[in-house]
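Shown next, in structure tokens, is the structure this report addresses.
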Amino acid sequence: MAKKLYLDRDGIINKQIPYVGTLERFFWHYEIIPIVKYFKEKNYKVIVVTNQSGIERGYYSLLDFYKLSSYMINFFLKHDIEIEVRACPHLPEKNCFYRKPNIGMIDDPRDKDDILIGDKELDMLTAKKGNITKRWLISKDISSKYASKIYKSHKELLKDLGIYDNFSESDYC
């Protein structure tokens, strides 16, 4: 069974602004590329798990979301990284099995090396409910009762992985 690196999208892959559904509102956290590359070299499968209620709210269409996801997938591929994208388009009140903090986007977690990286307590709760023990929060603003590690920034995680000295944003733009 392959080890998995689960990534929240908004706040982890791209900068956190409400309801990012189009390319015009998508701004990279370029540090995520060497972070993901590090885990790819350790044979992790990379899976993006993202709530996208902006679709059901009518802020952007499913087609907009697919275009943005295709752009993101292709950008990772330019850096020799394959990713899978899983999303829930439903409103929170529908309590969809796939919407975080429910675990519908998480595979049966038998590999204790699985990791989930997110920027909200909701992500950490999802990981806990999915039996993922490596729950890494990147946030300068919040603490967590569910996270196993907390980083104030992507750069702090790069430093912890021992790859910060080789990071240059211009290598990934």
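The values are calculated or read from the model by the stated rules, or taken from the named source; none is laboratory data. Model, not experiment: these values are computed from the prediction. Please note: Cβ atoms are built from the backbone with ideal geometry, for glycine as well, and neighbour counts cover all protein chains shown.
Among residues belonging to region 127-151 that are among the hydroxyl-bearing types (S, T, Y) and within 14 Å of G11 (Cβ to Cβ), point out the one that is farthest from the chain's Cα centre (by Cα). If we take residues in region 127-151 being among the hydroxyl-bearing types (S, T, Y) and within 14 Å of G11 (Cβ to Cβ), then S144 is farthest from the chain's Cα centre (by Cα). The residues on offer are I83, I33, I73, and the sole one that is among the hydrophobic types (A, V, I, L, M, F, W, C), free of Cβ contacts under 8 Å to residues at least 24 places away in the same chain, within 24 Å of D171 (Cα to Cα) and in the same structural domain as D8 (by TED's automatic domain parsing) is I73.
Based on what the data block shows, is I73 in a loop (DSSP other than H, G, I, E, B) and among the hydrophobic types (A, V, I, L, M, F, W, C)?
Answer is no for this residue.
Per the listing P18, P34, the residue uniquely outside any strand (DSSP E or B) and either loosely packed, with under 15 Cβ neighbours inside 10 Å or in contact with a strand residue (DSSP E or B) (Cβ under 7 Å, 6 or more places away or on another chain) (or both) is P18. Of the residues G54, G11, G21, the single one that is assigned by TED's automatic domain parsing to the domain that holds L91, within 26 Å of D160 (Cα to Cα) and of a type in the set (G, A, S) is G11.
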